[in-house]
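To keep things clear, I will list the structure first and then write my remarks on it.
Laboratory data are not the source of any read-out in this text; all were calculated from the coordinates shown. The shown structure was predicted, so the numbers you read here are calculated from the model rather than taken from an experiment. Cβ coordinates were reconstructed from backbone atoms using ideal geometry, including for glycine residues, and neighbour counts include every protein chain displayed.
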Amino acid sequence: MKAALLETEGRIAIVEAERPSIGPDDVLIRVAYAGVCGSDLHSFEGSHPFRKPPVILGHELSGTVVERGERVESLAIGDPVTVMPYIHCGRCAMCRRGRTNICLNKIVPGIKGWAGTFAEYFRAPAAVTYKLGERTSLREGALAEPLAVAVHSVAQGRVGQGDRVLILGAGTIGLLTGIAARQAGASAVAITDLYEYNLSVGCTLGFDAAYRADQQDLVQRIRADYAEGFDVLFLTSGAAVTVTQSLELAQRTARIVATAIFPRPVTLDIGPITQGELELIGTSIYTDLDFRRALLWLDEHVHPFERLIDHELPLDAAQGALEMLAGRTEDAIKVLLRP
Ligand SMILES: [Zn+2]
Ligand SMILES: [Zn+2]
């Protein structure tokens, strides 16, 4: 099968790889769409904590089942599916608490022989393979994974009725977090980003306010519109400056949720956290429940999720796609590869 292999930092080759063979509890999926994620970009640029070349990148996908192991009963050949791309051990201290997303022995695509989704075929355990809803297209199905990230972050931040929410970073995860916050009852969602394009997409999604992150008096401008501050703030860009901004714009008792991968350590003023009884909360991927909720929302079509997909390219163009994202040579939110 054809696959996009990250050979070394910054170089992807289209190679002929062995088609994965499946075990009795697995399915083989013919990949229709594979989403390019920020973490793929980290691997491409050499800044990913553990996913290093040579590796077939990708963990977001939609596709159809073409083979199933002898013990699989939940799925049939031809089913349109997506995959929750991690395997938890079920035995460690975190799994026993139901915190499977932070399993101590978690396996994800790109490590321990589990090849990624930038390929014609992808092997996955049936237990983490989900059938798409009847009204969900394969293109939309590829958004289930990033949407599940947003669903989990909003649950971690305990967004509730009437909360004012600020999202610092309006890429795929930031925008989906805004949607998830709305769905959870937020009365106002404001976003910041460096790019006009991302802010304009946020406006078409119906958010209440959008601010250029590189303006001098950003905090003052936001304060002029939201004098009381925000109840829940999401760090979705990984830029160090957003940490300070969030502390300045948080209302007392607010929750600040760290979603993005911060490439470097950040200096943090603890004072406002103490005085305002703020909470700084981490969030990492999703659980089965988050994933199922994401699939339901996709199928309900209340929100225009398709609006986030702005590039669809053949697998052969993987190198160009990652270079485009790394250099931001074009406006882009979600890029899908089509193996
Ligand atoms: Zn992802
Ligand atoms: Zn575990």
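A few comments on the model shown:
- Full extension of the chain segment joining GLU9 with ILE261 gains 88.8 nm, where the gain is 0.36 nm per residue of separation less the Cα-Cα distance.
- Averaging the sequence gap over all C-alpha pairs within less than 8 Å and six or more residues apart, then dividing by the number of residues, gives segment 150-282 a relative contact order of 23 percent.
- In straight-distance terms, cross-link reach from LYS106 covers every one of the lysines whose alpha-carbon lies under 19 Å from its own, apart from those fewer than eight places away in the same chain; here that gives LYS52.
- Relative contact order %, segment 253-338, counting alpha carbon pairs below 8 Å whose residues are six or more apart: 26
- Size of the chain as Cα extents on the principal axes (Å, biggest first): 59, 42, 37
- Rg(Cα)/(2.2 N^0.38 Å) for segment 142-235, N = residue count: 1.00
- Net charge, GLU248 excluded, C-beta distance under 11 Å - Lys, Arg +1, Asp, Glu -1: 0
- Segment 125-171 and segment 65-106: distance between their alpha carbon centers, rounded to Å: 18
- Were the residues from ASP316 through THR204 laid out at 0.36 nm apart, the gain over their Cα-Cα distance would be 37.2 nm.
- Relative contact order for the chain, counting Cα pairs under 8 Å that sit 6 or more residues apart, in percent: 19
- The Cβ shell under 13 Å around GLY276 holds other residues with a net charge of -4, Lys and Arg each +1, Asp and Glu each -1.
- With contributions of -39500 (n - 2.57) from each DSSP H run of at least four residues, the per-residue ellipticity at 222 nm computed over the chain stands at -8000 deg cm²/dmol.
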